[in-house]
1. What percent antiparallel are the DSSP beta bridges of the chain, to the nearest 5?
2. Towards the positive end of the charge dipole of the chain, with charges on Cβ (+1 Lys, Arg; -1 Asp, Glu), say which of ASN113, TRP56, PHE258 has the farthest Cα.
3. Ignoring everything except DSSP H segments at least 4 long, calculate the 222 nm mean residue ellipticity for the chain; use -39,500 (n - 2.57) per segment, divide by total residues, nearest 500.
4. Which residue, ALA98, ALA178, ALA231, tops the fluctuation ranking in a GNM of the chain built on C-alpha contacts under 10 Å?
5. Mind pulling the per residue volume of the convex hull built on the Cα atoms of region 204-291? Å³ is fine.
6. Could you tell me which trypsin sites (Lys or Arg not before Pro) in region 107-215 are loop residues by DSSP with no more than 15 other beta carbons within 10 angstrom of their beta carbon?
7. Do you know the Lys pair count in the chain for C-alpha distances under 19 Å, with sequence separation 8 or more or different chains?
8. Compute the Cα gyration tensor for region 131-175, then decide on rounded, prolate or oblate, letting a ≥ b ≥ c be the square roots of its eigenvalues: rounded whenever a/c is under 1.5, prolate when a/b is larger than b/c in the other cases, and oblate in all that remain.
Amino acid sequence: MQPGMGTVAKPSAFMPEKRRRMNLVGICMNIFFPWIVFCLLYAMLSFSFHYRHPTWAWIVVGCGFLVVALMLFVAFRARRRGNEPMWYNFAALALFLAVLLAAVFGDMNFWYNMQPFYDIENLNTYPNVDPSLDRGQQRMDAGRVYFTQDTRVDTTKAMGFKNLDIYCVAPIVKGEKAPVTFDFWAVGINCCSGQSPDFRCGQYANPRARSGLRLMRDDQRPFFRLAVQQAEAAFKITAAHPLFFYWMQDPENEMSGFRNNGWNNFWMWTWAVLVIQVIAVAAFSALQMRK
């Protein structure tokens, strides 16, 4: 009589503790595993690995989706064995969203912030460039250019080319004497009318601005080139090898802005996804406990 009662009591005391331990492990796995996957992929797509090895970066993203497929297979197998597959389904959905969001946000962060930073960083810096004497062929690898004293943007020869947006250009000159070829141009988008010389791009009104940060967008360069060709025809000037720059006082500060924005976006979404994941797991756990 007593031994029989004892054998029943031991499993009833042990099983609830085991069940709580397994649920805790499952909850932690569903919180941290998708989040870690998101962090790794987001970092890989945002920073230098994407810049140096773009093909491998997207191959790793593809491997992330394979992990999602594997989790769905595990859920299907659990159902066939008569086990509850809900946590496996949740994990598969969380992993899918983690990989997808890391791919989208990481690529956007790279494209708008880190790629311009890496592109400029890999080019040369030229001090004391005289636009009246230097030629574009001599500065083809320029990323940051610091012009000589008395260099300015000649807004009287500004021009705009419209293709949905208005691509604005104005030559960078020194003094009043026209150079043989106008090879250095300040640029901007939607900061001129395109019909009159009213260039208002960058720090055009800053008397201390005497530097340029190179335009690196390949998709925009042809439109700025067309604007220069219009300026050549309108003002009877020559631009043999035009180089395009954003006119500013401190290119280093602008580059730091690209880098800081990239890192700020990374940390913001990293912690935001963790908070969202904790809330989602807590809500799903509460829903399961009611069943």
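The values are calculated or read from the model by the stated rules, or taken from the named source; none is laboratory data. Note that the coordinates shown come from a computational prediction; the quantities given were computed from them, not determined experimentally. We place every Cβ from the backbone using ideal geometry, glycine too, and count neighbours over all the protein chains shown. Keep in mind that these areas ignore ligands, DNA and RNA; they rest on the heavy atoms of the full protein, side chains included. Shrake-Rupley method; radii C 1.70, N 1.55, O 1.52, S 1.80 Å.
1. Of the beta bridges lying entirely in the chain, close to 75 percent run antiparallel.
2. Checked the options; the winner is TRP56.
3. Mean residue ellipticity, 222 nm, calculated: -19500 deg cm²/dmol.
4. Of the options given, ALA178 has the highest mean-square fluctuation.
5. Details: hull volume 15.3 nm³, N = 88.
For region 204-291, the hull spanned by Cα atoms encloses 174 Å³ per residue.
6. LYS177, ARG200, ARG208
7. 6
8. Details: a/c = 2.59, a/b = 1.51, b/c = 1.72.
Taking the square roots of the gyration eigenvalues as a ≥ b ≥ c, region 131-175 is oblate.
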